[in-house]
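Undergrad: Here it is: the structure, laid out below.
Each reported figure results from applying straightforward, stated rules to the coordinates on display, with no laboratory input. Please read all numbers here as calculations on a predicted model, not as lab measurements. Ideal geometry is used to build each Cβ from the backbone, glycine not excepted, and the neighbour counts take in all protein chains shown.
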Amino acid sequence: MSLKFVAIHNLTRPQAQPVIAGYCRSFFCQLRGLMFRRSLKQDEGLLLVQAAESRLESSIHMFFMHIDLTVVWINNAQQVVDVRLARRWRPAYFSQKPARYVLELHTDRLHDFEIGDQLHIEEVFLDR
């Protein structure tokens, strides 16, 4: 089974290029996340998708991470509810409000998203 990809557009503060993220819905995909990755391109990421909005279910860990990440928590309405810089080897990060989606990105993207931003998530088809 191959990974599905999505484009994430920030409608509130448009970027030159949307983020292209792997769409990660299964428990094992989310557990692994970006663990063991030594680098991440500035325009790529991973979108962790929960069954419902939750602070607990949308929490992340940074164990076994070799890189820091920008983490953007997004609710059902595709609005940003929290943004943080997540440091490697920290036990856990929780959003301020319940979230359904967790977007993990390169640290350079930290200021591309703010609480309240309206996003648009759409499936894309890549040759990978």
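Undergrad: Once you've got the GNM for the chain with C-alpha springs shorter than 10 Å, pick whichever of 115, 60, 74 has the biggest mean-square fluctuation.
TA: Of 115, 60, 74, the Gaussian network model singles out 115 as fluctuating most.
Undergrad: Mind checking the range 1-110 for GluC sites (Glu not before Pro) that DSSP puts in a loop (not H, G, I, E or B) and that have at most 13 other Cβ atoms within 10 Å?
TA: When the GluC sites (Glu not before Pro) of the range 1-110 are filtered for loop state and at most 13 Cβ neighbours within 10 Å, nothing remains.
Undergrad: Report, in debye and to the nearest 20, how large the dipole of the chain comes out about its Cα centre when Lys and Arg carry +1 and Asp and Glu carry -1 on their Cβ.
TA: 480
Undergrad: Quick one: what does P(r) look like for the chain with 5 Å bins over all Cα pairs, in whole %?
TA: 2, 11, 23, 28, 22, 12, 3, 0
Undergrad: Of 10, 93, 75, which is farthest towards the positive pole of the chain's charge dipole, taken about the Cα centre with +1 and -1 on the beta-carbons of Lys, Arg and Asp, Glu respectively?
TA: With unit charges placed on the Cβ atoms, the residue in question is 93.
Undergrad: Could you work out the relative contact order of the chain? I mean the mean sequence separation of Cα pairs under 8 Å and 6+ apart, divided by the number of residues, in percent.
TA: 31
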